[in-house]
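Structure record follows, encoded as structure tokens.
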Amino acid sequence: MSDTPNSVRNGLTYADAGVDIDAGERLVDAIKPLAKSTARPGSEPSLGGFGALFDLKAAGFKDPLIVTTTDGVGTKLKIAIETGRHDGVGIDLVAMCVNDLLAQGAEPLLFLDYYATGKLDVDAARRVVAGIAEGCRQAGCALVGGETAEMPGMYSGGDYDLAGFSLGALERGSALPRFDLQNTGDVIVGIASSGPHSNGYSLIRRVIEAAGKTWGDDAPFDRDRTLAQALMEPTRIYVKSVLPLMKAGWVKGAAHITGGGLIENPQRGIADHLKPVFDWEAWPLPPVFRWLAEAGGIEAHEMRRTFNCGVGFILIVGPEHVEDVLAGLLEAGETAFVCGRLDAA
């Protein structure tokens, strides 16, 4: 008599191993219209192929350089999973990539995502991808593909992780930062963030726990929203408001304020012989950051090197162009302000 187990003798399937191919196909069908809504000159998103083509000439480039970025959302995803608020993290994913492209002076063109989970929840995944498509529309780039990986044993239940990949381009000679043009006395223009964006959430979750709060509680800093609603506010995407100012030649450097906050990120867009000198009184610390500092007993320096503290993006601008830049940002709907200057290092 054979000692082969019945399950093997009867023929194992991928579903027996915990991977639902049918669910994956339903997700692809659900997100095809989302990808199509992000079409732009140079690209016509069409999911299902092995790769995506982009026509740089059709996008208006003459002598382009390619710029690439990749990033994730971090532990902000834990809040999305615990509260079922999946709709905004896709915007976060796009923002973390395209804002980095912008800091190099590049126009975002393409975006791809990687979604990994233990058990594919088609509705949750569709909501995540809907957010990715919305982020792409805000950034003016095309969602051209991605990968959904169902990996039982790697992730618990409905847990999932996200990674994003973006490709941008710029004309040769226009890349930022322009270290050769920067001088002492150049001005730092700050552009307001929409909240913590996608950084510092491991510390935020510790503060919530230490304060004895739950995600469904009213936010102490925003009585109109719960903590989950307030802290899941998506990352602001600055591409459409900032790129025209860069193309006008008014910007000498830029920085996306992410992990490392206002202590570590600005120097990436500033020449080594110069340093940023912030006027910390130039803008009010937004209520969410005031509450986190107070509830967590977090010192000012730790706040500034962990969070954006209300400044999501900075521009290095010569004094002669400050008014032009501020006016352009205001017209584009941004809150912007002079928040410092460059000095000798």
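Of K57/K247; K62/K247; K78/K275; K36/K78; K62/K240; K76/K252, which pairs sit farther than 26 Å apart, going by alpha carbon to alpha carbon?
K78/K275; K36/K78; K76/K252
Pull up all non-local amide H partners of F337: gap of 5 or more, or a different chain, and H-to-H distance under 5 Å with H placed in the peptide plane.
When sequence neighbours closer than 5 places are left aside, the close amide H contacts are G190.
Let me spell out the model: positive unit charges on the Cβ of Lys and Arg, negative unit charges on the Cβ of Asp and Glu, origin at the Cα centre of the chain. What dipole size does that give, in debye rounded to 20?
280 debye
Work out which GluC sites (Glu not before Pro) in the chain are exposed loop sites (DSSP not H, G, I, E or B, at most 13 other Cβ within 10 Å) and give the longest gap free of them.
With GluC sites (Glu not before Pro) excluded where exposed in loops, the chain gives 1-280 as its longest stretch.
Pick out, from Y155, P33, W215, the residue whose Cα sits farthest towards the positive end of the charge dipole of the chain, with +1 on the Cβ of Lys and Arg and -1 on the Cβ of Asp and Glu.
Among Y155, P33, W215, the one farthest towards the positive end of the dipole of the chain is P33.
Given points 7 Å out from each Cα along the Cα-Cβ axis, report the A210 to E147 separation in nanometres with one decimal.
About 3.8 nm separates the two model spin labels.
What percent of all Cα-Cα pairs in segment 53-136 falls in each 5 Å bin, counting up from 0?
3, 13, 22, 21, 15, 11, 7, 5, 2, 0
Under 5 Å between amide H atoms, partner at least 5 residues away or on a different chain: which partners does F313 have, H built in plane at 1.01 Å?
Long-range HN contacts for F313: I191, I257.
Treat the chain as a sphere of radius equal to its Kirkwood radius over Cα pairs and apply Stokes-Einstein at 20 °C in a medium of 1.002 mPa s; give the translational diffusion coefficient in µm²/s, rounded to a whole number.
99 µm²/s
In debye, nearest 20: dipole of segment 276-329 around its Cα centre with unit charges on the Cβ of K, R (+) and D, E (-)?
260 debye
Run the numbers for D218 and E294: contour at 0.36 nm per residue of separation, minus the present Cα-Cα distance, in nm.
25.7 nm
For the chain, build the charge dipole from Cβ charges (+1 Lys, Arg; -1 Asp, Glu) around the Cα centre, then report which of I66, G249, L285 sits farthest towards its positive end.
G249
For R225, which sequence-distant residues (separation of 5 or more, or a different chain) have an amide H within less than 5 Å of its own amide H, given hydrogens modelled in the peptide plane?
Excluding prolines and chain starts, which carry no amide H, the hits are A219.
Mind listing the phi-derived Karplus ³J(HN,Hα) values for segment 85-100, rounded to whole Hz, using 6.51, -1.76 and 1.60 with θ = phi - 60°, and x for any glycine or proline?
8, 8, 6, x, 5, x, 5, 4, 4, 5, 4, 5, 8, 6, 5, 5
What is the helix-to-structure angle for 21-36, meaning the angle in degrees between its Cα long axis and the longest Cα principal axis of the chain, kept from 0 to 90 and rounded to the nearest 10?
30 degrees
Provide the three semi-axes, in whole Å and in decreasing order, of the ellipsoid equivalent to segment 186-345 as defined by the square roots of 5 times the Cα gyration tensor eigenvalues.
Listed largest to smallest, the semi-axes of segment 186-345 are 30, 17, 12 Å.
For segment 230-335, state which chymotrypsin sites (Phe, Trp or Tyr not before Pro) are in a DSSP loop and have at most 13 other beta carbons lying within 10 Å of their beta carbon.
W280
Would you please calculate the Kirkwood hydrodynamic radius of segment 72-230 over all C-alpha pairs and express it in Å, rounded to one decimal?
After inverting the pairwise mean of 1/r, the radius is 17.6 Å.
In whole Hz, with x marking every Gly and Pro, tabulate ³J(HN,Hα) for segment 116-125 from phi via Karplus 6.51 cos²θ - 1.76 cosθ + 1.60, θ = phi - 60°.
Values, residue by residue: 10, 8, x, 9, 5, 9, 4, 5, 4, 5 Hz.
Under the Karplus relation 6.51 cos²θ - 1.76 cosθ + 1.60, θ = phi - 60°, what is the ordered set of whole-Hz ³J(HN,Hα) values for segment 305-320, x standing for Gly and Pro?
So the J values, rounded to whole Hz, are 9, 10, 10, 7, 6, x, 10, x, 7, 10, 10, 9, 9, x, x, 6.
Would you kindly state how much longer the chain becomes between D87 and K240 on full extension, computed as 0.36 nm times their sequence separation minus their alpha carbon distance, in nm to one decimal?
52.9 nm
On the first, second and third principal axes, largest extent first, how far apart are the outermost C-alpha atoms of segment 206-252 in Å?
50, 21, 13
Extension gain L65-K247, at 0.36 nm per residue separation less the Cα-Cα distance, in nm?
In short, 64.0 nm is gained.
Readers should treat all values here as calculations from the given coordinates under stated rules, not as data from a laboratory. As the structure is a computational prediction, the values presented were derived from the model and not from experiment. So basically every Cβ, Gly included, is an ideal-geometry build from the backbone, and we count neighbours across all protein chains shown.
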